[in-house]
1. What does the net charge come to around residue 88 if you take all other residues with beta carbon closer than 11 Å to its beta carbon, with K and R at +1 and D and E at -1?
2. Are any of the pairs 44/73; 37/98; 37/91 more than 21 Å apart by Cα-Cα distance, and if so, which?
3. Can you pull a Stokes-Einstein diffusion coefficient for segment 56-102 at 10 °C (1.306 mPa s), Rh from Kirkwood over Cα pairs, as a whole number of µm²/s?
4. Would you list 101, 131, 94 from the most to the least accessible area, probe 1.4 Å?
5. Over segment 98-149, what number does the Rg to Rh ratio reach, with both radii from the alpha-carbon atoms and Rh per Kirkwood?
6. What shape does segment 31-110 take by its C-alpha gyration tensor, where a ≥ b ≥ c are the square roots of the eigenvalues and a/c under 1.5 counts as rounded, a/b above b/c as prolate, and the rest as oblate?
7. Could you list which residues have their amide H under 5 Å from that of residue 106, counting only those 5 or more apart in sequence or on another chain, with H placed in the peptide plane?
8. Shape call for segment 75-122 from the C-alpha gyration tensor, a ≥ b ≥ c root eigenvalues: rounded (a/c under 1.5), prolate (a/b greater than b/c) or oblate?
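The values are calculated or read from the model by the stated rules, or taken from the named source; none is laboratory data. Note that the coordinates shown come from a computational prediction; the quantities given were computed from them, not determined experimentally. Every residue, glycine as well, gets a Cβ built from its backbone with ideal geometry; the counts of neighbours run over all protein chains shown. Accessible surface is based on the protein model in full, side chains and every heavy atom, while ligands, DNA and RNA are left aside. Shrake-Rupley method; radii C 1.70, N 1.55, O 1.52, S 1.80 Å.
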Amino acid sequence: MKLLSKLFKPKPTSKTDLNSQRDPQQSNAYDRIGGEKVVAALAKQFYQQMQTRTEAQALLAMHKGPIAHSEQKLFEFLSGWLGGPPLFERKHGHPALKARHMPFAIDEQMRDQWLLCMKAAIDIEISDPQHQQAIYQAIAQLADHMRNQ
């Protein structure tokens with residue numbers, strides 16, 4: 001998260017209602033990449049990649065529930081993680097990602113499958129190459145942290 005905050009410094013805005021929903025220490029990557037519309041498209045594209053890439057079939061098999069449910073949770077998480085409204089926290093509490101993912105065997109292979117799908121989604125849905133790189137670097141660190149095997 002610190003990497004995103006450094007790369008996407010908050011910019012002044014007159015939208016006090018929106019700002020009251022946000023942590024002022026967060027980056028403003030959310031705004032810079034296009035806000036809710038792009039974050040929702042990113043989550044959707046991630047799951048489309050997972051469902052269509054043969055290299056990600058083991059990752060897809062880990063998702064037992066409806067993909068739409070997982071997609072919504074990813075959207076909610078990414079919203080807050082990128083500096084937008086903290087939708088996931090409001091609905092589910094603190095993300096505590098590592099704890100939430102402990103029931104799943106996440107090794108280097110699973111991390112790499114996840115990152116393959118996320119990289120493709122980022123490249124498709126985020127137009128600015130610098131933003132693509134910054135977000136991918138930050139999310140790759142997070143994905144590596146999620147390994148429990």
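1. So the surrounding residues net to +2.
2. Long pairs (Cα-Cα over 21 Å): 37/98.
3. Once the numbers are plugged in, D ends up at 137 µm²/s.
4. Heavy-atom accessible area, descending, gives 94, 101, 131.
5. Using only Cα positions, Rg/Rh for segment 98-149 is 1.03.
6. Cα axes put segment 31-110 in the oblate bin.
7. 148, 149
8. Note, shape of segment 75-122 comes out oblate.
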